[in-house]
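Each remark here refers to the structure printed beneath this line.
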Amino acid sequence: MKTTLLLLVGVLLAGAVACDEGAAALVAPYDATVIEAEIPAVLTALREGRPQDALEALLRLEAAGTLPDGALHYRAIAQMDLGQTEAARATWDEELAVHPGNGKAWVFRAEVLIEAGDLDEATRSLETARPLLEDFPAWSLIAGRLARLQARDADALRHFSDFLSFDPYGAEAAECHQGIAQAHASRSEPDSAARAAFHAARADELENVHRYRAAFLTRLIAQPEDLESLLGLANTDLSLYFEYSPRIGIAGDPRLLAGAEVPLTRLLQLQPDHAAALANMGSIRAEQRRFDDAAAYFVRATEVDPTAALPWLHLGRLKLRAGLPGEAIAAFEVGLASAGEGEQRGRLLAELGQALLGTDPAQALAHLDEYLLLFPEDPAGLRGETEALRERLSEASGTDSEG
């Protein structure tokens, strides 16, 4: 009976606030995070993906008489994480009866209502939340889900895109790309199919990254000193920074570099002569414009494993930046001798070809031609420069013949 009454109160509040913006102004916003300092064990459990432990910590606080006002918010989150949709809905209604200005609670309530198939009430809950929140990306995520279910493709595109502007890398970003792909697939604009394919590919890419990340984290919980998992965890962040970001047309977020540095630092504490970790730390320092530190890491990596191509590539780039083309060319050549037929060889061929343009254009052309043979899609954008070089060499050869 109590739950039913609270549910009715929540519904009435939702309708009142959603229907009258003036009424919304009468509800003072409430932020549940003000109690977080009082529930550290609960927060830790939630952040580490242990919702049952979070619920038990809340029960201990309640039994001790130290449960702070606002803790219902975190109980509902734990219940949602456990998949207890009905219990979470009841707890959100109970929380909102006490704190009707809790905008985040209205958003999460909408999420459980969507799962229950109550789309009309979910709509009202989101409308209620909107004037109570400033920046809360989850609103856009949940609003995008709702719009897709209601076949409002234009709204879905807008909401999912808004969320991606806040978080282009997280697990929820994969959902947004998938939702955008589905919305484009149902439209008939000339570029809809291409846009749908692009976003579907980005969704798959992010899902794979987070799948690997979860696997590495799981292994590290059991084996905190597992070197392979530490390196793999760092590589998930570095792949998002160096590879994924350019594909979606944004600059890599420096926080990804900071995130990768944590497991790499631990790895190098355990094994100081780990060549791949040294090279990755060099890449991070180069992006942070700490070039002397970057060079030191790359040099150390080449000393540990002279046959590793990637450190030579990066060391060569740093030498070019320092105005030492001869040393750069030498580094690229050593790396090329060790590279196989994959991406690293292509990158070394491209760099070496460009570095030789001023001193040995014929050899530069040979390297650039091999690069284009290996990678006809030309990821470095060198085809035009290569053809211009070929034309210049051909003209020079003709002039020499006439002489």
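Could you figure out which of (1) modelled with pLDDT of 95 or more; (2) in contact with a Lys or Arg (Cβ under 8 Å, 6 or more places away or on another chain); (3) of a type outside the set (Asp, Glu) isn't true of residue 133?
Failed condition: (1).
Which of the residues that make up region 64-91 are out of contact with any His (no Cβ under 9 Å at 6 or more places or on another chain), of a type in the set (S, T, N, Q) and closer than 19 Å to residue 114 by Cα?
Within region 64-91, 79, 84, 85 meet the criteria.
Please state which one of 97, 151 is in a helix (DSSP H, G or I), surrounded by fewer than 22 Cβ atoms within 10 Å (Cβ to Cβ) and out of contact with any Asp or Glu (no Cβ under 6 Å at 6 or more places or on another chain).
From the options 97, 151, the qualifying one is 97.
Is there a residue in region 361-374 that is surrounded by 14 or more Cβ atoms within 10 Å (Cβ to Cβ), modelled with pLDDT of 90 or more, part of a helix (DSSP H, G or I) and among the small types (Gly, Ala, Ser)?
yes
Taking the condition closer than 20 Å to residue 96 by Cβ and assigned to a helix (DSSP H, G or I), does residue 76 pass?
So residue 76 fits the description; yes.
Which residues, counting only those in region 232-256, are free of Cβ contacts under 8 Å to residues at least 24 places away in the same chain, more than 10 Å from the chain's Cα centre (by Cα) and under 20 Å from residue 268 (Cβ atoms)?
Residue satisfying the conditions is 232 alone.
Any residue in region 153-161 that is more than 26 Å from the chain's Cα centre (by Cα) and not β-branched (Val, Ile, Thr)? Full working, then the answer.
As a first pass, look at region 153-161 and keep what is more than 26 Å from the chain's Cα centre (by Cα): none.
No, region 153-161 contains no residue that is more than 26 Å from the chain's Cα centre (by Cα) and not β-branched (Val, Ile, Thr).
Only one residue in 151, 197 is in contact with a helix residue (DSSP H, G or I) (Cβ under 8 Å, 6 or more places away or on another chain) and of a type outside the set (Ser, Thr, Tyr). Which one?
197 is the lone residue from the list that is in contact with a helix residue (DSSP H, G or I) (Cβ under 8 Å, 6 or more places away or on another chain) and of a type outside the set (Ser, Thr, Tyr).
State whether one or more residues within region 370-380 are touching a helix residue (DSSP H, G or I) at 6+ places or on another chain (Cβ under 8 Å), more than 24 Å from residue 246 (Cβ to Cβ) and not β-branched (Val, Ile, Thr).
no
Each row is one residue, and each column tells you yes or no for (1) over 25 Å from residue 264 (Cβ atoms); (2) assigned to a helix (DSSP H, G or I).
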{"site": "285", "(1), (2)": "no, yes"}
{"site": "295", "(1), (2)": "no, yes"}
{"site": "307", "(1), (2)": "no, no"}
{"site": "314", "(1), (2)": "no, yes"}
{"site": "319", "(1), (2)": "no, yes"}
{"site": "327", "(1), (2)": "yes, yes"}
{"site": "334", "(1), (2)": "no, yes"}
{"site": "341", "(1), (2)": "yes, no"}
{"site": "357", "(1), (2)": "yes, no"}
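Test of understanding: among 278, 220, which residue is part of a helix (DSSP H, G or I) and closer than 24 Å to residue 50 by Cα?
The unique qualifying residue is 220.
May I ask you to list the residues in region 319-346 that are closer than 18 Å to residue 364 by Cβ and within 32 Å of the chain's Cα centre (by Cα)?
319, 320, 332, 335, 336, 339, 345, 346
Give me a count of the residues in region 264-283 that are touching a residue at least 40 places away in the same chain (Cβ under 8 Å) and either touching a Ser or Thr at 6+ places or on another chain (Cβ under 6 Å) or crowded, with 19+ Cβ neighbours inside 10 Å (or both).
6
Considering each residue of region 300-339, count those that are surrounded by fewer than 15 Cβ atoms within 10 Å (Cβ to Cβ), in contact (Cβ under 8 Å) with a residue 12 or more places away in the chain and not basic (Lys, Arg), and give that number.
Looking only at that region, the number is 3.
Out of region 155-171, which residues are in contact (Cβ under 8 Å) with a residue 24 or more places away in the chain, surrounded by fewer than 19 Cβ atoms within 10 Å (Cβ to Cβ) and assigned to a helix (DSSP H, G or I)?
Residues satisfying the conditions are 162, 166, 171.
Does residue 53 satisfy the criteria of being charged (D, E, K, R) and part of a loop (DSSP other than H, G, I, E, B)?
Against the criterion (charged (D, E, K, R) and part of a loop (DSSP other than H, G, I, E, B)), residue 53 does not qualify.
The values are calculated or read from the model by the stated rules, or taken from the named source; none is laboratory data. Quick caveat, the model's predicted, so the values are computed rather than measured. Note: ideal-geometry Cβ built from the backbone for every residue, glycine included; neighbour counts use all protein chains shown.
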